[in-house]
Amino acid sequence: MLSRVADSIYWINRYVERAENVARFVDVNLNLLLDSPGLQQWEPLVVTTGDQALFKQRYGEATAENVLRFLTFDKDYPNSILSCLQAARENARSVREIISSEMWEQVNAFYLMVKEAAEAGSLSDLHIFFPEVKLSSHLFAGVMDATMAHNEGWHFGLLGRLLERADKTARILDVKYYILLPSVSDVGSPLDDLQWIALLKSASAYEMYRKCQYRITPDGVTEFLILNREFPRSIQFCVLQAEKSLRQITGTPSGTWRMPSDRTIGRLRAELDYVTIDEIVNQGLHEFLDGLQIRLNQVGEAIYKDFFSLQSA
Amino acid sequence: MLFDTYDPGDFFDELFAAKRQPRTEAAPLVNRINSLTLAELQRRQQTAQNALFKMGVTFNVYSDEQGTERIFPFDVIPRIVPYSEWQWLEKGLKQRIYALNCFLHDIYNDQKILKDGVIPREDVESASGFLRPCMGLQPPEGIWCHITGTDLVRDKDGTWYVLEDNLRCPSGVSYVLESRRVMKSTFPHLFASMDIKPVDDYASQLLEALLNLVPSQLADPRVVVLTPGLYNSAYFEHSFLAQQMGAELVEGRDLVVADGYLQMRTTKGLQRVDVIYRRIDDDFIDPLAFRPDSMLGVPGLMEVYQNGRVAIANAPGTGVADDKLIYAYVPQMIRYYLGEEQMIPNVPTYLCEHAKEQAHVIANLDQLVVKATNASGGYGMLVGPHATPEQRQDFAEKIQANPRGYIAQPTLCLSRTPTLIGDTFEGCHVDLRPYILYGKDIYVNPGGLTRVALRKGSLVVNSSQGGGSKDTWVVK
């Protein structure tokens with residue numbers, strides 16, 4: 001498979017997943033605020049994107065409107081939902097003869113939906129818009145699963161989606177961390193409980209969590225979202241599946257490595273296999289999540305070097 | 001009775017011999033359409049257009065900053081060519097392509113036709129498409145023009161003419177294939193009851209023509225389609241043809257010359273490429289051999305090609321035959337290489353480089369069509385009868401400054417065919433571009449792309465100039 005094509009399929013999936021997750025973590029914040037009207041914290045959202053400098057320069061103050069505009073409809077911000085869809089569509093267009101036409105049509109319809117919303121420019125309908133973004137992303141994943149051959153290209157796509165999702169779950173957890181930080185005394189209060197529920201819901205994890213342990217505790221939620229091996233938005237699940245896809249591509253057996261990408265992802269997966277939630281909490285959740293994001297980036301870089309940026313021999 | 005008011009007027013009409021008198025082959029079509037209401041026909045037109053848009057049969061508009069795709073306006077009333085006439089056209093096209101291929105091989109090798117004084121040497125060597133680095137080239141099987149789209153038109157009395165040859169990378173065949181697919185669902189009963197020649201084997205024929213260029217000992221040859229990329233106006237077609245052939249669609253940056261072979265960058269390392277169907281112009285193929293500023297090609301490709309380690313379709317250098325001055329010499333070529341007379345005539349052409357003809361052209365600018373010899377796509381031309389005196393003056397000066405650069409032809413009164421515009425049928429001017437493949441034999445896809453000038457009275461059918469398209473039915 002052409003490197004350029006593999007690269008494009010990988011990025012279609014990353015961008016679609018990114019758009020979905022931006023919708024998720026903005027949505028969780030909107031929901032949190034509904035339950036605690038006095039609390040107006042938008043800055044943390046910008047902080048978790050890692051793009052504070054750009055935001056400061058373009059908008060200045062982190063008001064609700066500025067942050068929402070920046071993250072959803074700003075066409076000059078490369079990680080806004082609109083920009084993600086634009087990029088996903090451009091990538092899909094360049095590999096249309098490789099992916100299924102249903103996939104193309106779904107990306108295109110998704111893009112047109114977001115573009116229309118952006119042109120209308122209204123922020124009051126976001127409670128309808130975000131669920132639509134999530135659903136469109138699920139549609140895309142479903143269509144890809146059901147219509148594209150599960151070949152090398154498909155595995156590159158999956159790799160992109162899972163690495164992106166792992167990274168974003170880490171960031172969504174981090175939002176909660178930032179919001180909680182100024183009010184440690186609230187831990188265990190009814191408000192705190194609501195916040196954790198909202199967080200779980202933002203990752204579609206609430207019901208699955210309840211099935212696995214009744215009580216909602218900070219450690220329980222954190223453990224569920226980081227270390228659960230069965231829940232599809234938990235970080236460990238994503239890393240496990242991403243490793244499987246990568247090994248389908250490289251053909252290297254698990255537990256060994258041949259390419260640098262095998263090694264970086266295998267090592268990360270093994271660490272998540274054996275770390276405990278107590279160790280994570282003792283180390284500091286934020287520090288742990290930060291480190292995790294760096295490790296995920298390293299995996300991405302290794303994949304880029306191994307497969308996409310082939311230089312002539 | 002939708003067609004009752006349609007008046008073919010004082011033109012050659014492709015469907016009607018006279019008012020309310022459809023031509024024999026068109027009668028079933030006309031009857032069928034007459035049995036529909038206008039609303040029903042419009043609904044089918046809309047459905048067909050939507051289907052094409054959904055399939056992504058679009059072209060890009062360069063000037064549009066969004067890179068928006070537009071659908072080539074599509075009309076559901078097909079154009080009909082009777083089979084008997086088609087057989088004659090097919091023969092004439094084969095004759096022409098055969099002679100043009102002989103010409104290309106000759107001028108880049110022995111140059112007999114120049115030495116014998118049949119065509120002036122300076123006219124060939126001054127053509128913008130004449131590429132000196134191609135001298136001595138021996139392409140596989142001696143074939144230069146594997147894919148050609150020849151533009152045909154008909155005059156007021158129905159006479160067919162060849163308007164121009166397109167030997168570099170003619171586009172539009174994807175419209176033929178996709179619009180046929182749509183037409184089958186628009187008028188299924190007509191396809192069941194009429195004997196309409198199928199077009200669907202084009203992709204297989206193209207693949208065969210390309211595989212024909214691979215040395216027989218190669219067990220598992222790899223064919224690629226080389227595109228300038230996403231923003232090219234014909235990108236949809238490149239991707240469509242690659243998909244239909246199961247070939248890899250590549251851009252210049254996917255390719256690299258290594259170890260004396262052309263290779264592509266894949267997730268499993270470099271892999272050899274054996275045949276390129278190139279959809280970029282000759283002089284962009286290799287910045288080392290031609291335009292050094294080309295970002296679209298592959299440095300070193302020409303050398304690999306000259307060593308016979310990769311085949312390129314069409315061969316570089318074929319663009320010389322697209323020069324409108326060279327076009328004028330095709331009758332001589334046919335006589336010289338085949339000892340035959342040209343079957344489908346050229347449009348009479350005045351060569352402005354000859355003083356006498358130039359004087360005639362300048363004196364009659366209000367009646368002639370003037371074309372720049374190195375332009376295409378409807379650019380760089382003057383339609384005398386529709387031009388202002390200033391425009392004519394401007395062209396007169398251009399011709400005098402650069403006589404080699406212009407030819408002139410009488411303004412043909414192009415044939416027309418009924419086209420649904422708004423609530424009525426209008427007679428619109430059409431041309432026809434059949435697609436010809438030169439593989440083991442010469443193959444002509446039955447029918448071709450009928451382009452229609454949708455602006456009232458306009459004679460220019462190019463998509464970049466407000467043209468649309470129709471399906472073309474060769475009917476027995």
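Could you check, for the range A:60-81, whether at least one of its residues is within 14 Å of chain B (Cβ to nearest Cβ) and not in a loop (DSSP other than H, G, I, E, B)?
Within the range A:60-81, the subset within 14 Å of chain B (Cβ to nearest Cβ) is A:75.
Next, only the ones that are not in a loop (DSSP other than H, G, I, E, B) stay: none.
No, there is no match, as no residue in the range A:60-81 is within 14 Å of chain B (Cβ to nearest Cβ) and not in a loop (DSSP other than H, G, I, E, B).
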Of the numbered conditions (1) within 14 Å of chain B (Cβ to nearest Cβ); (2) surrounded by fewer than 17 Cβ atoms within 10 Å (Cβ to Cβ), A:Glu43 satisfies every one except a single condition; which is it?
(1)
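In the set B:Ile312, B:Ile276, B:Ile285, which member is in contact with a strand residue (DSSP E or B) (Cβ under 7 Å, 6 or more places away or on another chain) and modelled with pLDDT under 90? Give the steps one after another, and end with the answer.
Numbers: B:Ile312 fails: modelled with pLDDT under 90; B:Ile276 fails: modelled with pLDDT under 90.
The unique qualifying residue is B:Ile285.
For (1) modelled with pLDDT of 90 or more; (2) aromatic (Phe, Trp, Tyr), each residue gets a yes or a no:
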{"site": "A:Asn21", "(1), (2)": "yes, no"}
{"site": "A:Asn31", "(1), (2)": "no, no"}
{"site": "A:Trp42", "(1), (2)": "no, yes"}
{"site": "A:Gln52", "(1), (2)": "no, no"}
{"site": "A:Leu71", "(1), (2)": "yes, no"}
{"site": "A:Arg93", "(1), (2)": "no, no"}
{"site": "A:Ser101", "(1), (2)": "no, no"}
{"site": "A:Trp104", "(1), (2)": "yes, yes"}
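Mind telling me which of the residues B:Asp123, B:Asp155 ends up being out of contact with any Ser or Thr (no Cβ under 9 Å at 6 or more places or on another chain) and charged (D, E, K, R)?
Numbers: B:Asp155 fails: out of contact with any Ser or Thr (no Cβ under 9 Å at 6 or more places or on another chain).
Step by step, each of B:Asp123, B:Asp155 is checked, and only B:Asp123 is out of contact with any Ser or Thr (no Cβ under 9 Å at 6 or more places or on another chain) and charged (D, E, K, R).
Per-residue answers, yes or no, for (1) surrounded by 14 or more Cβ atoms within 10 Å (Cβ to Cβ); (2) under 20 Å from the mean Cα position of the chain (by Cα); (3) more than 14 Å from chain B (Cβ to nearest Cβ):
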site	(1), (2), (3)
A:Thr48	yes, yes, yes
A:Gln57	no, no, yes
A:Ser94	yes, no, no
A:Glu119	no, no, no
A:Ser122	no, no, yes
A:Lys134	yes, yes, yes
A:Gly142	no, yes, yes
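Specify the residue that is farthest from the other protein chains (Cβ to nearest Cβ); the eligible residues are those in the range B:265-274 that are more than 24 Å from B:Pro170 (Cβ to Cβ) and touching a Lys or Arg at 6+ places or on another chain (Cβ under 8 Å). Steps first, answer last, please.
Of the range B:265-274, the ones more than 24 Å from B:Pro170 (Cβ to Cβ) are B:265-272.
From what is left, the residues that are touching a Lys or Arg at 6+ places or on another chain (Cβ under 8 Å) are B:265, B:271-272.
On the way: B:Arg265: 4, B:Gln271: 9, B:Arg272: 13 Å.
The extreme case among them is B:Arg272.
Okay, residues lined up against (1) surrounded by 19 or more Cβ atoms within 10 Å (Cβ to Cβ); (2) in a helix (DSSP H, G or I); (3) of a type in the set (Ser, Thr, Tyr):
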position: A:Trp196; (1), (2), (3): yes, yes, no
position: A:Ser204; (1), (2), (3): no, no, yes
position: A:Glu207; (1), (2), (3): no, yes, no
position: A:Arg215; (1), (2), (3): no, no, no
position: A:Val221; (1), (2), (3): yes, yes, no
position: A:Arg233; (1), (2), (3): yes, no, no
position: A:Ser245; (1), (2), (3): yes, yes, yes
position: A:Arg258; (1), (2), (3): no, no, no
position: A:Arg263; (1), (2), (3): no, yes, no
Across the range B:222-257, what is the total count of residues that are of a type in the set (D, E, K, R), in a helix (DSSP H, G or I) and more than 9 Å from every other protein chain (Cβ to nearest Cβ)?
1
Do we find that A:Asn79 is touching a residue at least 60 places away in the same chain (Cβ under 8 Å), within 21 Å of A:Lys176 (Cα to Cα) and under 20 Å from the mean Cα position of the chain (by Cα) in this structure?
yes
Could you tell me which numbered condition A:Asp27 fails, if it satisfies all but one of (1) in contact with a Ser or Thr (Cβ under 7 Å, 6 or more places away or on another chain); (2) within 14 Å of chain B (Cβ to nearest Cβ)?
(2)
Could you list, in sequence order, all residues of the range B:140-165 that are among the hydroxyl-bearing types (Ser, Thr, Tyr) and crowded, with 21+ Cβ neighbours inside 10 Å?
B:Thr148, B:Thr150
For A:Thr147, all conditions in the list (1) surrounded by fewer than 23 Cβ atoms within 10 Å (Cβ to Cβ); (2) away from every other protein chain (no Cβ under 14 Å); (3) within 28 Å of A:Lys201 (Cβ to Cβ) hold save one; what is the number of the exception?
(3)
A:Leu34 vs. criteria without any contact (Cβ under 8 Å) to a residue 60 or more places away in the chain and of a type in the set (A, V, I, L, M)
yes
Kindly indicate whether B:Ile312 is within 23 Å of A:Ile99 (Cα to Cα), surrounded by 22 or more Cβ atoms within 10 Å (Cβ to Cβ), of a type outside the set (S, T, N, Q) and away from chain A (no Cβ under 13 Å).
no
Counting only strands (runs of 3 or more DSSP E) wholly inside the range B:132-196, the ones holding at least 3 residues that are farther than 20 Å from B:His238 by Cα are B:151-154, B:160-164
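For (1) surrounded by fewer than 21 Cβ atoms within 10 Å (Cβ to Cβ); (2) under 28 Å from the mean Cα position of the chain (by Cα); (3) more than 20 Å from B:Lys371 (Cα to Cα), each residue gets a yes or a no:
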residue: B:Thr388; (1), (2), (3): yes, no, no
residue: B:Asn402; (1), (2), (3): yes, yes, no
residue: B:Ile407; (1), (2), (3): no, yes, no
residue: B:Leu412; (1), (2), (3): yes, yes, no
residue: B:Ser415; (1), (2), (3): no, yes, yes
residue: B:Thr419; (1), (2), (3): no, yes, yes
residue: B:Asp423; (1), (2), (3): yes, no, yes
residue: B:Cys428; (1), (2), (3): no, yes, yes
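So that you can scan it fast, the table gives a plain yes or no per residue for (1) surrounded by fewer than 17 Cβ atoms within 10 Å (Cβ to Cβ); (2) at pLDDT 95 or above:
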{"residue": "B:Gln66", "(1), (2)": "yes, no"}
{"residue": "B:Trp88", "(1), (2)": "yes, yes"}
{"residue": "B:Tyr98", "(1), (2)": "no, yes"}
{"residue": "B:Asn101", "(1), (2)": "no, yes"}
{"residue": "B:Leu114", "(1), (2)": "no, yes"}
{"residue": "B:Leu131", "(1), (2)": "no, no"}
{"residue": "B:Gln138", "(1), (2)": "yes, no"}
Those residues of the range B:275-309 which are within 14 Å of chain A (Cβ to nearest Cβ) and among the charged types (D, E, K, R) amount to B:Arg279
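Kindly provide the set of residues from the range A:265-313 that are within 14 Å of chain B (Cβ to nearest Cβ), of a type outside the set (Phe, Trp, Tyr), part of a helix (DSSP H, G or I) and surrounded by fewer than 18 Cβ atoms within 10 Å (Cβ to Cβ), ordered by number.
Step one: of the range A:265-313, the residues within 14 Å of chain B (Cβ to nearest Cβ) are A:302-313.
Filter again for of a type outside the set (Phe, Trp, Tyr), leaving A:302-303, A:305-306, A:309-313.
Keeping just the survivors that are part of a helix (DSSP H, G or I) gives A:302-303, A:305-306.
Within the range A:265-313, just A:Lys305 meets the criteria.
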Read through the list (1) among the polar types (S, T, N, Q); (2) over 30 Å from A:Ile303 (Cα atoms); (3) crowded, with 21+ Cβ neighbours inside 10 Å, then give the number of the only condition that B:Gln263 fails.
(2)
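The values are calculated or read from the model by the stated rules, or taken from the named source; none is laboratory data. None of the values given here were measured: they were computed from a predicted structure. Glycine gets a Cβ as well: all are built from the backbone with ideal geometry, and neighbour counts include every protein chain shown.
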